[in-house]
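A.B. asks: Following this message is one structure expressed as structure tokens.
The values are calculated or read from the model by the stated rules, or taken from the named source; none is laboratory data. Here the structure is a predicted model, which is why all the values come from computation and not from measurement. All Cβ positions, even for glycine, are placed from backbone atoms using ideal geometry, and neighbour counts span all protein chains on display.
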């Protein structure tokens, strides 16, 4: 397993000078993923912050072969590159081992790109798809996405006098991807960089498609201080808003269990996008709902990961008592 | 055996099978496609070639045409010779990526089996699919029969991959009328096709060369225009590349393919312009009218993009009236696409002919000789009187 010291000696293949905001989660994720991916790699990026801010012609931050096609099709695009690679390998035109990594934001992955992603996963291309999930369409100005959590205020589902931000739950993309029965699926966050590094290594070693959903704060949309990016993802894992886990060949495994699961207010109150939940009397019923959702999801995950017995068995044991 | 000395075989093939045969002989690196009527049999036939190990191609069976064209872009950017095929709504779903493929200068080639666009939904032939993408940056050629579908696809590959051009190309053939109709097709030997298209040599180091290479960056007002100008320059080089590819093809096949083909048009008073399978019907009608002593002619337009402006002006300049048949409606425009292009091409001809337009055959409406005779009759009336009553008419509509 690669150590931090070894990582520090690797060449930076996602370089500085890009135009992503100071404190951008996506930039940290891209850099860490490329550091973890040793050897030749081809990167595809969906339209979004990471793409527009890193390849403003005639400049590029990518010291690797890189392709951008459109918003909703990075999975299909990289699947074409990977297929060409297999053909050339078969024909003896290439002898090097390449890895293929696609980056998409939550817009390009949860929503408009979900179909292309699903198709590519089902076809079994050997590629790693990284979703940098900043929970809204940040590149175009913080519009609601399928990844926006309940209660968050965005520019297309704003908190108003009548409606307190987004009313719906975000979709569980990691589980949707897991349902494709690919060899490696994980959820990660950049503050735990060794966990993310290990996951990228496992994903690239998998014999088939792999997927990592990485929480990537956008302080412009989440409304926290730029220097708190990694602090906020730590809170996300300690409140169990964003658990860290992996699914290896269908086996669910929990990677981090907070010593004491913090109340969801810790997560909500840290970010300005939830301000309306607490101001002027706020929306305590919505906060309670969010907490209930999280508790239920967390329990489901613990059961799936074998950390808790299934509910029926617990009910039976209760009865016996 | 053709006069060229190349040992060919004549086999009865439907258009889809002829096109699939071309694909098989080209043996591309990657094909990414999604089935849609009436293209389906082409894709099925090719999938069978893959399954039987008759080609080395990797077939990507995508979940949509959008992903098919997206995967084609990825494969072509990796340096692979890449082909695909579609029709109608599938073609429309590719739309966004058609422009990207052209702008990235990736010589992908595609068969478009012409079918009416929804709505209302319809599976039969008209040209509303490919005509809508006439400004996407692709070369466009219309085939009249299965033989041309086979031949033109081979020529298209050579022209598209020409380093002065580097633009994708699509070859159209009419859904069902050509795609599902069996005709005798003369097939070249595998070796001759292999030698003709040659090994694919990308113009630049592509994605799998390991060197940092950025494809598809953000391109703002400071560079976008120059890149578009270069793309236009590619289209300006296309006619010469197509002519060169066609001339080489003629050497092995004995069949000559220019951007257009005139039939008894030199001394004709009235010349009909048609694309695709309708050209065959029009040729028959020309003969019938000639037997009646009427000076009728035909100009079959084969290459629609780049539009052969000077050649069209040369071929039609002596007519009194030109009757342009369009198997597509251009809503809100003054006439349909071929009409607009042809009329524009004739603007600087000293004694320019009068031009009328007929929209016909939408949604696969059968267009027999009787309807084309009607259109010719109006053409002769216009030629004699010098008076256009109606610029745009509709053939065979109730």
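A.B. asks: Just for strands (runs of 3 or more DSSP E) wholly inside region A:176-259: which have at least 2 residues that are crowded, with 19+ Cβ neighbours inside 10 Å? Steps first, answer last, please.
C.D. replies: Numbers: elements: A:184-188, A:210-215, A:245-248, A:251-254.
Answer list for region A:176-259: A:184-188, A:210-215, A:245-248.
A.B. asks: So which residues in region B:259-279 are outside any strand (DSSP E or B) and surrounded by 17 or more Cβ atoms within 10 Å (Cβ to Cβ), if there are any at all? Show your work before the answer.
C.D. replies: If we filter region B:259-279 for residues that are outside any strand (DSSP E or B), which is where we start, we get B:259, B:264-269, B:275-279.
Those that are outside any strand (DSSP E or B) and surrounded by 17 or more Cβ atoms within 10 Å (Cβ to Cβ): B:259, B:265, B:268, B:269, B:275, B:276, B:277, B:278, B:279.
A.B. asks: Taking the condition of being within 13 Å of residue B:85 (Cα to Cα) and in a loop (DSSP other than H, G, I, E, B), how many residues in region B:167-198 meet it?
C.D. replies: 3
A.B. asks: Has region B:139-146 got at least one residue that is assigned by TED's automatic domain parsing to the domain that holds residue B:19 and surrounded by fewer than 19 Cβ atoms within 10 Å (Cβ to Cβ)?
C.D. replies: Step one: filter region B:139-146 for residues assigned by TED's automatic domain parsing to the domain that holds residue B:19, giving B:139-146.
Right, trim to surrounded by fewer than 19 Cβ atoms within 10 Å (Cβ to Cβ) and you get none.
For region B:139-146, residues assigned by TED's automatic domain parsing to the domain that holds residue B:19 and surrounded by fewer than 19 Cβ atoms within 10 Å (Cβ to Cβ): absent.
For (1) surrounded by fewer than 17 Cβ atoms within 10 Å (Cβ to Cβ); (2) touching a strand residue (DSSP E or B) at 6+ places or on another chain (Cβ under 9 Å); (3) closer than 18 Å to residue B:177 by Cβ, each residue gets a yes or a no:
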site: B:320; (1), (2), (3): no, yes, no
site: B:334; (1), (2), (3): yes, yes, no
site: B:360; (1), (2), (3): no, yes, yes
site: B:368; (1), (2), (3): yes, no, yes
site: B:380; (1), (2), (3): no, yes, no
site: B:392; (1), (2), (3): no, yes, no
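A.B. asks: On to the next question. Does any residue of region A:59-72 turn out to be touching a helix residue (DSSP H, G or I) at 6+ places or on another chain (Cβ under 9 Å) and under 24 Å from residue A:187 (Cβ atoms)? Before the answer, list the steps.
C.D. replies: Residues of region A:59-72 touching a helix residue (DSSP H, G or I) at 6+ places or on another chain (Cβ under 9 Å): A:61-72.
From what's left, under 24 Å from residue A:187 (Cβ atoms): A:71-72.
Looking for residues that are touching a helix residue (DSSP H, G or I) at 6+ places or on another chain (Cβ under 9 Å) and under 24 Å from residue A:187 (Cβ atoms), one finds at least one in region A:59-72, hence yes.
A.B. asks: Okay, moving on. Just checking, does region A:18-37 include any residue being out of contact with any helix residue (DSSP H, G or I) (no Cβ under 9 Å at 6 or more places or on another chain), surrounded by fewer than 21 Cβ atoms within 10 Å (Cβ to Cβ) and touching a residue at least 24 places away in the same chain (Cβ under 8 Å)?
C.D. replies: no
A.B. asks: Being assigned to a loop (DSSP other than H, G, I, E, B), free of Cβ contacts under 8 Å to residues at least 60 places away in the same chain and within 25 Å of residue A:47 (Cα to Cα) is the filter here, so list the residues in region A:135-167 that pass it.
C.D. replies: Within region A:135-167, the subset assigned to a loop (DSSP other than H, G, I, E, B) is A:135-136, A:138-142, A:144-158, A:160-163, A:165-167.
From the residues that got through so far, the ones that are free of Cβ contacts under 8 Å to residues at least 60 places away in the same chain too are A:140-141, A:144-148, A:155-158, A:160-163, A:166-167.
Of everything in region A:135-167, those that are assigned to a loop (DSSP other than H, G, I, E, B), free of Cβ contacts under 8 Å to residues at least 60 places away in the same chain and within 25 Å of residue A:47 (Cα to Cα) turn out to be A:140, A:141, A:144, A:145, A:146, A:147, A:148, A:155, A:156, A:157, A:158, A:166.
A.B. asks: For residues that are in contact (Cβ under 8 Å) with a residue 60 or more places away in the chain and within 11 Å of chain A (Cβ to nearest Cβ), scanning just region B:99-110, find the one that is surrounded by the fewest Cβ atoms within 10 Å (Cβ to Cβ).
C.D. replies: Just the residues of region B:99-110 that are in contact (Cβ under 8 Å) with a residue 60 or more places away in the chain, to begin with: B:100-110.
Now restrict to residues that are within 11 Å of chain A (Cβ to nearest Cβ): B:100-101, B:103-104, B:106, B:108.
Values: B:100: 20, B:101: 27, B:103: 18, B:104: 22, B:106: 23, B:108: 29.
Among those residues, the one meeting the criterion is B:103.
A.B. asks: I need the helices (runs of 4 or more DSSP H) fully contained in region B:1-84, keeping only those with at least 1 residues that are away from chain A (no Cβ under 11 Å) and either more than 24 Å from residue B:166 (Cα to Cα) or touching a strand residue (DSSP E or B) at 6+ places or on another chain (Cβ under 8 Å) (or both). Outline the logic, then answer.
C.D. replies: Numbers: elements: B:15-26, B:40-51, B:65-77.
The qualifying helices (runs of 4 or more DSSP H) are B:15-26, B:40-51.
A.B. asks: While we're on this one: Being in the same structural domain as residue B:104 (by TED's automatic domain parsing), closer than 27 Å to residue B:115 by Cβ and assigned to a helix (DSSP H, G or I) narrows it down to one of B:243, B:238, B:282, so name that one. Working first, answer last.
C.D. replies: Values: B:243 fails: closer than 27 Å to residue B:115 by Cβ; B:282 fails: in the same structural domain as residue B:104 (by TED's automatic domain parsing).
After ruling out the rest, the residue left standing is B:238.
A.B. asks: Given the structure, is residue A:82 assigned to a helix (DSSP H, G or I), closer than 21 Å to residue A:212 by Cβ, at the interface with chain B (Cβ under 9 Å from one of its Cβ atoms) and touching a residue at least 24 places away in the same chain (Cβ under 8 Å)?
C.D. replies: On the way: assigned to a helix (DSSP H, G or I): yes; closer than 21 Å to residue A:212 by Cβ: yes; at the interface with chain B (Cβ under 9 Å from one of its Cβ atoms): yes; touching a residue at least 24 places away in the same chain (Cβ under 8 Å): yes.
Criteria met by residue A:82.
A.B. asks: Continuing with this model, one more query. Kindly check whether there is at least one residue in region A:284-296 that is touching a strand residue (DSSP E or B) at 6+ places or on another chain (Cβ under 7 Å) and buried (at least 18 other Cβ atoms within 10 Å of the Cβ). Walk me through it before giving the result.
C.D. replies: The first filter runs over region A:284-296 and keeps only residues touching a strand residue (DSSP E or B) at 6+ places or on another chain (Cβ under 7 Å), leaving A:286.
Narrowing further to those that are buried (at least 18 other Cβ atoms within 10 Å of the Cβ): A:286.
Yes, that holds for at least one residue.
A.B. asks: Hey, among B:252, B:232, B:187, which residue is surrounded by fewer than 22 Cβ atoms within 10 Å (Cβ to Cβ), within 24 Å of residue B:16 (Cβ to Cβ) and out of contact with any strand residue (DSSP E or B) (no Cβ under 9 Å at 6 or more places or on another chain)? Write out each step before concluding.
C.D. replies: Numbers: B:232 fails: within 24 Å of residue B:16 (Cβ to Cβ); B:187 fails: out of contact with any strand residue (DSSP E or B) (no Cβ under 9 Å at 6 or more places or on another chain).
Matching residue, one of B:252, B:232, B:187: B:252.
A.B. asks: Please work out if residue A:52 is over 13 Å from residue B:218 (Cβ atoms) and touching a strand residue (DSSP E or B) at 6+ places or on another chain (Cβ under 7 Å). Lay out the reasoning, then the answer.
C.D. replies: Details: over 13 Å from residue B:218 (Cβ atoms): no; touching a strand residue (DSSP E or B) at 6+ places or on another chain (Cβ under 7 Å): yes.
Here the answer is no, as residue A:52 does not meet what is asked.
A.B. asks: Among the candidates B:52, B:17, B:56, which residue alone is buried (at least 18 other Cβ atoms within 10 Å of the Cβ) and either closer than 25 Å to residue B:181 by Cα or more than 22 Å from the chain's Cα centre (by Cα) (or both)?
C.D. replies: Working: B:52 fails: buried (at least 18 other Cβ atoms within 10 Å of the Cβ); B:56 fails: buried (at least 18 other Cβ atoms within 10 Å of the Cβ).
Answer to the check: B:17.
A.B. asks: Do we have residue A:101 as in contact (Cβ under 8 Å) with a residue 40 or more places away in the chain, surrounded by 19 or more Cβ atoms within 10 Å (Cβ to Cβ) and within 8 Å of another protein chain (Cβ to nearest Cβ) here? I'd like the intermediate steps shown before the answer.
C.D. replies: Details: in contact (Cβ under 8 Å) with a residue 40 or more places away in the chain: yes; surrounded by 19 or more Cβ atoms within 10 Å (Cβ to Cβ): yes; within 8 Å of another protein chain (Cβ to nearest Cβ): no.
Against the criterion (in contact (Cβ under 8 Å) with a residue 40 or more places away in the chain, surrounded by 19 or more Cβ atoms within 10 Å (Cβ to Cβ) and within 8 Å of another protein chain (Cβ to nearest Cβ)), residue A:101 does not qualify.
A.B. asks: Out of B:296, B:313, which single residue is surrounded by fewer than 22 Cβ atoms within 10 Å (Cβ to Cβ), over 19 Å from residue B:397 (Cβ atoms) and in contact with a helix residue (DSSP H, G or I) (Cβ under 7 Å, 6 or more places away or on another chain)? Can you show your working first?
C.D. replies: Numbers: B:296 fails: surrounded by fewer than 22 Cβ atoms within 10 Å (Cβ to Cβ).
Residue meeting the stated conditions: B:313.
A.B. asks: Scan region A:39-57 for residues that are more than 7 Å from chain B (Cβ to nearest Cβ) and farther than 21 Å from residue B:70 by Cα and report the count.
C.D. replies: Residues that pass the stated criteria total 3.
A.B. asks: Collect the residues in region B:87-97 that are buried (at least 24 other Cβ atoms within 10 Å of the Cβ) and more than 13 Å from the chain's Cα centre (by Cα), keeping them in residue-number order. Reasoning before the result, please.
C.D. replies: Let us first name the residues in region B:87-97 that are buried (at least 24 other Cβ atoms within 10 Å of the Cβ), namely B:87-88, B:90-91, B:94, B:97.
Selection gives B:88, B:90, B:91, B:94, B:97.
A.B. asks: Separate question: Residue A:76 versus (1) at the interface with chain B (Cβ under 7 Å from one of its Cβ atoms); (2) not in a helix (DSSP H, G or I): which is the lone unmet condition?
C.D. replies: For residue A:76, the failing item is (2).
A.B. asks: For residues that are farther than 12 Å from residue A:173 by Cβ and within 10 Å of another protein chain (Cβ to nearest Cβ), scanning just region A:104-133, find the one that is farthest from the chain's Cα centre (by Cα).
C.D. replies: By that ranking, first place goes to A:123.
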